[in-house]
Structure formats: C-alpha cells, structure tokens
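Let me begin by presenting the structure, written as structure tokens, before commenting on it.
Every number here is computed from the coordinates shown, using simple stated rules; none is lab data. These numbers come from a predicted model, not from an experiment. Every residue, glycine as well, gets a Cβ built from its backbone with ideal geometry; the counts of neighbours run over all protein chains shown.
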Amino acid sequence: MKYISEFRDGKMAQLIAEKIKRTVEPNRHYAIMEFCGGHTHAIHRYGITSLLPKNIELIHGPGCPVCILPIARIDYAIALAELPQVILCSYGDMLRVPGSDQYSLLKAKAKGADVRMVYSIDDALMIARQNPNKEVIFFAVGFETTTPPTAVALLQAQKEQLKNFTIFCNHVLTPIAMQALLEAEKNDVNSSVNLDGFIGPSHVSIVIGSDAYKIVAEHYHKPVVIAGFEPLDVMQSIEMLVVMINEKRYGIENQYTRAVSSTGNIKSQQFIAETLELRDRFEWRGLGYIEKSAMKIKAEFAAFDAELRFPMTIAEGKEHKACECGAILRGAKKPQDCKLFAVACTPENPLGSCMVSSEGACAAYYAYGRLSDD
Amino acid sequence: MIKVNFKHGMVEMNHGSGGKAMHQLIEQLFLKAFDNAWLLQRRDQASLNITNPRLVMTTDGHVISPLFFPGGDIGSLAVHGTINDIAMAGATPLYLSVAFILEEGFPLSDLQKIVHSMAKAAKDANVAIVAGDTKVVERGKGDGVFITTTGIGVVPTEVQLTNQIAPGDKVIVSGFIGDHGIAVMSKRQNLQFNTEILSDSTSLHGLTAQMLRAVPTLHCLRDPTRGGVAGVLNEWANQYGLGFVIDENALPIRDAVRGACELLGIDPLYVANEGKLVAVCAAADADNVLAAMKAHPQGLDAAIIGEAISDSHCFVQMKTSFGGKRIVDWLAGDQLPRIC
C-alpha cells in the first residue's frame with residue numbers, strides 16, 4: 001500500500017530506536033502518556049515498547065471514546081434502544097460496552113431491540129429517511145474527530161426537516177481532559193503518575209489544531225508532541241519528546257505536519273460552533289465530573305436532541321466491583337494490575353469498558369502485550 | 001403439467017406443503033438441475049454403494065448475506081464449503097445432500113439462479129447431489145434462503161494424514177488470504193465500496209489430492225473460513241497444546257485486500273476464505289508440499305508462513321514487518337457478520 005507501508009518500515013524503526021537509545025539519559029525515568037487510544041493500539045500492534053529503552057514508560061491515556069463514557073450514559077442508550085418504535089444506531093464497539101449489570105446494547109438487541117451498527121452517521125440519516133414511521137436515534141460518541149460529522153448531520157437533518165431523527169450526543173473534548181488529568185496529578189501528593197510529556201492526538205488535532213494544547217503546555221509546563229498514528233510517527237514523536245524532556249523544554253511540537261496545522265480545520269470548527277455548545281459538566285469514567293468537557297446540542301437544534309425528545313431519569317451506573325478501568329484511564333494502574341484482567345475480563349466477555357474497543361488499554365494489552373509477561 | 005413461472009413467480013407457502021406446487025418445483029427445478037440417477041428414483045433417500053470403509057461425513061449450514069456476491073453466491077458456496085470440509089480429511093468427496101429453507105415471497109428467479117449455480121459447482125467437482133429437502137417459512141421468518149448441505153467422501157488407502165502437530169512443523173497457506181470476506185463485505189448494504197476483489201470460493205479436493213500424492217503423511221489440513229487463518233491456528237494451538245510463530249512478511253495478501261482492511265479497521269488474518277487451506281507438515285516435507293501446491297492452479301501463490309513451537313501459553317505469535325512481535329489471538333465478537 002503506497003503511502004502507508006513507508007510509515008511502517010522496520011529498518012527505519014531500528015534507526016530511530018538506536019537514536020532514542022543514544023539520546024535518553026540512562027539515569028532518569030521518562031513517563032510519557034499517549035493520550036489517544038489510536039496510539040495505544042499502534043504501540044501494541046507494532047510492538048513499539050519492545051524497541052524502546054527500559055527507562056521510557058508509556059502510559060495509556062483516557063483517549064478512547066468507548067472507554068471513558070460513564071455507565072449511566074450506556075444505560076441511557078440501552079433504555080432508548082428499548083423504547084417502542086426506536087431504531088438505535090451506533091459505531092460497532094459501542095454495542096458491546098457493558099452497562100449496569102453487564103447488560104449491553106448487543107444483549108438488548110438479542111432481546112428484540114432494533115440496534116444497528118453503522119460505519120458513519122450518514123448511514124443513520126439514511127435509515128431515518130427509509131423508515132419514516134420509526135424513531136431513529138444516533139448514539140454519538142467520540143472526541144473532536146467524530147464531532148464534525150455529527151454537526152453536519154444536524155444541519156442536514158434540519159435542512160431536510162427530518163421528523164424522526166435524533167442524536168444522543170456524547171461528544172467530549174480532549175484538551176480539557178488533559179488539563180483535568182494534570183490538575184488531579186498536581187493536587188494529589190501521593191499520585192503515582194508523574195507525567196513528563198504527552199504524545200498528542202493525531203486525528204483530533206487535525207480538527208482542533210496544535211494551538212489547542214497551549215494551556216496544557218504552558219500552564220502545566222509539559223512538552224506535547226502531536227503525532228501521527230503510524231508506528232514510525234510514534235517512534236519519531238517519542239524521540240522528539242525525549243529531546244524536549246532532556247532540555248527541560250515545554251511547549252507544543254508537531255511531528256504530524258503532513259496533516260495538522262496550528263489552527264486546525266476551520267470549516268469543521270464552524271460546523272461545530274453552529275450546532276453544538278459546551279455542557280456545564282460531564283461525567284468521565286475514571287475521571288469523574290469535569291467542567292465544560294463535553295458538547296451538547298444547541299437550542300436551535302433541540303428537535304434533533306434525543307435527550308429532549310426522550311427524557312429519562314437514569315440511576316447512577318453500577319460498575320463491576322473489582323473493575324480497575326477508572327484507575328487505568330487515569331494512568332494510575334496498568335491492565336495487568338487488575339484482578340479481573342485476562343481471567344474474568346476478556347474481549348469475548350468484557351466486564352469493563354477498556355476491554356471492549358481495540359483502542360482500550362486492556363484490550364490492546366490483552367491482544368498484543370501479554371507476550372512480554374514471560 | 002403446469003409450468004412454474006420462474007421469471008416472475010415467488011416462493012409461496014404451498015411450495016413447502018407437500019402438495020402439487022412442491023412437486024412441480026422439485027420436478028421443474030431441482031431434479032432438472034441436479035439431474036442424476038439417485039434423484040430420478042424420486043425416493044425420500046438415496047441408496048449409495050460405497051466399498052471403501054474409510055468414510056468421511058460432514059454438514060454445513062449457509063446463511064450468507066448478501067446471497068449473491070462478487071465471485072459466487074450462496075449456492076456455489078454451499079457446495080464448495082461442504083466439499084472442502086471433506087477434502088480437509090484427505091478424502092475424495094462423492095455425494096451431497098441439500099436442504100433449503102426458503103422464505104415466503106423469495107423470487108423464484110433468484111432461487112433458480114442459486115440452484116443452477118449449485119448444480120454447476122457440483123458438476124465441476126464431480127460430485128452428485130443425491131438427496132434434498134425443501135421447507136418454506138412465512139415472510140419475515142427467514143432471510144430469503146438458508147441452505148444446509150451434507151457430504152460424504154472416502155479417504156484413499158494411501159493417504160495417511162496424521163492429524164498431529166509437533167513443534168518445528170511448518171505452516172503453509174495455499175494462496176492470498178481474505179478475498180472472500182472482503183468481496184462479501186464490499187456488497188453489504190451499509191458498506192458498499194468499490195473493489196475488484198472476487199470471492200475465492202472453490203472446491204479444493206483437487207489441490208489436497210495433489211499435496212497428499214506428494215506427501216501422504218501430511219500432519220493437518222484445515223480451510224480457514226470464519227475466523228480466518230488466525231482462527232485455525234488458535235484452534236490447533238489449543239488442541240495440540242503448542243504455539244505458532246508466523247511471519248507477517250510471508251503472508252500472501254493482495255494489496256486491495258490490505259487496503260480494504262486498513263480502511264475498515266480489520267485484520268486480514270481474521271477474514272474468511274472459502275477457497276484456501278492451511279496445511280501443517282514436518283519441516284523436512286515442507287519444500288515437497290509447497291512444490292506440489294505450486295504445481296496446482298489453486299496453489300500458485302502458496303507460501304510457508306511460519307512454524308509450530310512449544311509454548312505452554314498456546315499463543316499464536318506474529319513477527320511484525322515493523323520488527324516487533326505480537327499475539328494473534330482468537331477473534332472476539334463478530335468481525336464480519338453472516339459471511340458464509
């Protein structure tokens with residue numbers, strides 16, 4: 001595959017690995033968080049950890065939209081799917097995420113709910129047009145990457161005056177979550193996490209631009225390197241971070257220049273500004289409530305807001321007692337620290353959200369990481 | 001006799017009720033297409049005269065969606081799938097039976113296409129469809145047509161498949177992997193994308209016979225259908241209590257399949273095949289087996305992809321082309337629903 005295989009070249013990886021080895025200071029520890037699940041997945045899939053010196057520790061961040069959604073929101077989605085006359089559409093991974101009592105959309109589907117996996121919100125719009133007598137609800141999740149399509153779908157639904165299409169909006173914001181992590185770290189004197197720097201998101205940054213991490217870099221004095229999702233991108237970004245950490249430099253550097261600009265995709269940002277606005281607060285699995293960390297549908301588009309059309313009181317979600325997803329999402333624990341990991345909790349039978357998506361720390365570690373346990 | 005309207009007609013409940021309509025469908029479609037002495041006896045069973053006592057039997061249900069896909073349809077697939085299960089025992093397939101579950105309202109023209117495609121696949125494989133059954137379910141209770149095929153074959157005396165795997169044994173695949181799953185997926189309602197990939201659906205007993213002539217003591221044969229090559233290797237690893245190491249660079253995967261998998265976020269190792277096999281043989285025999293495969297049109301792109309190792313974890317590992325190592329685990333959940 002042209003333009004992809006070049007970014008997966010093993011020889012080049014060895015060269016960068018040697019450069020990193022020469023650059024690290026042998027007597028210090030480097031705690032680097034890859035915020036995005038896409039990076040977590042790449043790191044495990046290509047065995048990047050095995051190419052790095054032992055004193056570089058990669059900490060998986062909470063950047064997996066499936067993983068950070070609190071159980072109450074999953075329960076809400078399941079309740080929506082079980083309403084009569086409803087077709088609930090969502091991305092594949094969401095269907096398997098366990099809500100309270102290990103109930104999931106997939107189980108609701110088996111019991112008769114009309115739940116459909118779609119590849120894009122466009123498919124949900126199509127289903128709405130084809131089923132005028134049904135209520136079609138799109139379960140929208142994701143960081144800034146999947147937000148613009150939701151915004152465009154709202155505009156489209158308004159233009160077509162669709163009467164049977166609503167969105168259950170769960171879009172969340174990356175820079176705010178990074179700041180919340182750092183704030184928690186600062187306030188917790190016993191914190192086991194002490195981050196030296198971030199591998200910054202790729203696709204999210206295409207939308208919001210690299211300037212969006214200014215507070216993270218300047219207020220918290222952290223180096224951030226925006227990185228592409230290919231394995232050589234990740235390797236090169238780690239090298240850049242090591243140099244910045246060595247030189248005690250903070251700020252934002254951009255490894256992913258072939259896609260990310262400092263200001264991002266203005267058109268996308270306009271679509272979002274037109275249709276969505278900040279929520280006062282939103283609950284994150286593992287991180288708790290974070291102020292102004294998520295988006296909701298603007299009043300002008302209230303007709304397409306599933307939370308307004310189908311208001312429900314959802315009890316607080318019930319986590320599995322032994323599940324460590326929360327601590328894992330904060331970077332405070334690793335998947336193998338959880339008692340359930342690979343024993344009771346496996347990709348076939350996930351008890352926590354981190355085991356569901358291939359971007360989840362537990363699923364990625366289960367699929368690719370167990371070899372290094374020997 | 002009244003002629004069945006195959007052009008505009010559709011399946012009705014009475015096509016399965018044992019009356020005249022069913023009789024007409026059998027006479028004008030199934031008997032005509034499958035055409036052999038056993039069926040023409042018009043009994044409820046076929047009496048077979050098989051002298052070789054090393055009989056092999058298998059059965060397979062087919063529920064694929066869509067029914068017609070690039071490179072095949074549910075009819076040819078139902079024949080190939082069952083023949084291949086027989087062939088993987090080192091056997092020569094002889095006879096098939098087929099059961100149709102039809103949904104009320106299904107176009108008879110489509111049924112006719114499917115039946116003709118089955119007849120051709122069976123004829124090409126030199127296998128007779130000697131018994132059959134038709135049932136009709138109400139509209140909404142099926143998905144057009146489901147087909148179950150059962151097959152019988154015999155293992156030639158000289159074939160001595162060991163069905164054992166030991167560390168050091170080599171793993172060979174017979175050609176490009178992932179074609180079938182991607183071809184089917186490209187035509188699914190909510191996914192349509194343009195690709196020139198055709199399903200690899202075909203009967204493999206010619207290839208297995210040639211391999212077993214070269215090395216009669218092959219260790220294992222399996223067709224990597226649902227779950228793909230990764231599924232087969234994990235099953236073997238668990239069954240034989242060992243591990244496998246495969247080399248990503250050695251995997252034969254078409255560029256178009258690689259591209260589609262990249263786009264869809266799936267791994268070709270888990271994608272279904274309907275005309276490929278995975279073989280395990282002693283290291284000393286590997287070159288002979290590979291040469292025999294490459295001399296057959298269905299094995300031109302065969303490749304040794306790895307070997308069995310002793311490993312108490314029963315992991316399937318892959319050396320990645322990036323230079324790392326990773327586990328190739330069982331598939332969790334459905335990667336591609338209803339592909340066969």
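In terms of packing, defined here as the mean over residues of other Cβ atoms within 10 angstrom, the peptides B:220-226, B:297-303 line up highest first as B:220-226, B:297-303.
Put in line by how crowded their Cβ is, counting other Cβ atoms within 10 Å and starting with the fewest, B:Trp236, B:Trp330 read B:Trp330, B:Trp236. Mean separation of Cα pairs under 8 Å and 6 or more residues apart, divided by the residue count, gives segment B:56-97 a relative contact order of 42 percent. For segment A:325-369, the relative contact order works out to 30 percent when only alpha carbon pairs closer than 8 Å and six or more residues apart are counted. 3J(HN,Hα) along segment A:202-209, derived from phi through the Karplus expression 6.51 cos²θ - 1.76 cosθ + 1.60 where θ = phi - 60°, amounts to 8, 5, 4, 5, 4, 7, 8, x Hz, with x in place of Gly and Pro. All Cα-Cα distances of segment B:216-335, cut into 10 Å bins from zero to the largest, leave 12, 45, 36, 7, 0 percent in each bin in turn. Ordering A:His44, B:His180 from the fewest to the most neighbouring beta carbons within 10 Å gives A:His44, B:His180. Think of each Lys and Arg Cβ as +1 and each Asp and Glu Cβ as -1; about the Cα centre, that makes the dipole of the protein assembly as shown roughly 660 debye.
Inter-part distance, segment A:208-246 to segment B:163-188, computed on C-alpha centroids, equals 40 Å. Nearest 5 percent is fine: what portion of the DSSP beta bridges confined to chain A is antiparallel? Once the DSSP bridges in chain A are tallied, antiparallel ones form about 20 percent. In this structure, the amide hydrogen of B:Asp133, modeled 1.01 Å from its nitrogen in the peptide plane, lies closer than 5 angstrom to those of B:Val98, B:Ala99, B:Phe100, counting only residues at least 5 positions away or on a different chain. Dividing the convex hull volume of the alpha-carbon atoms in chain B by its residue count gives 137 Å³ per residue. Count the net charge of all other residues whose Cβ sits under 12 Å from the Cβ of A:Ala79, scoring Lys and Arg as +1 and Asp and Glu as -1. Taking every Cβ under 12 Å from that of A:Ala79, the sum is -2. Each Lys and Arg Cβ is given +1 and each Asp and Glu Cβ -1; about its Cα centre, segment B:13-154 then shows a dipole of about 320 debye.
Residues whose amide H lies under 5 Å from that of B:Arg54, counting only those 5 or more places away or on a different chain, are B:Val155; hydrogens are built 1.01 Å from N in the peptide plane.
Considering only A:Phe304, A:Ile56, A:Met94, the residue lying farthest towards the positive end of the dipole of chain A is A:Met94, judged by Cα position with unit charges set on Cβ. By the count of other C-beta atoms within 10 Å, a proxy for reagent exposure, A:Ser268, A:Ser237 are ordered fewest to most as A:Ser268, A:Ser237. Amide H contacts under 5 Å for A:Gly142: A:Val172, restricted to partners 5 or more places along the chain or on a different chain, H placed in the peptide plane at 1.01 Å from N. For segment A:325-369, the Cα-based Rg and Dmax, in that order, read 9.0, 25 Å.
Every Cα-Cα pair in the protein assembly as shown was counted, and those over 45 Å apart are 30% of them. Counting pairs of alpha carbon atoms under 8 Å apart in space and at least six apart in sequence, what relative contact order in percent does chain A give? Reported as a whole number, the value is 23 percent.
The rule of thumb for compact globular proteins, 2.2 N^0.38 Å, goes into the C-alpha radius of gyration of segment B:13-154 1.02 times. Evaluating 6.51 cos²θ - 1.76 cosθ + 1.60 at θ = phi - 60° for every residue in segment B:142-159, the Karplus couplings come out as x, 10, x, 8, 10, 10, 10, 10, 10, x, 10, x, 10, 8, x, 3, 6, 6 Hz, glycine and proline recorded as x.
In whole percents, the pair-distance distribution calculated for chain A from its alpha-carbon pairs, binned every 10 Å from zero, is 5, 24, 32, 25, 11, 3, 0.
Considering only B:Gln45, B:Ser201, A:Gln14, the residue lying farthest towards the positive end of the dipole of the protein assembly as shown is B:Gln45, judged by Cα position with unit charges set on Cβ.
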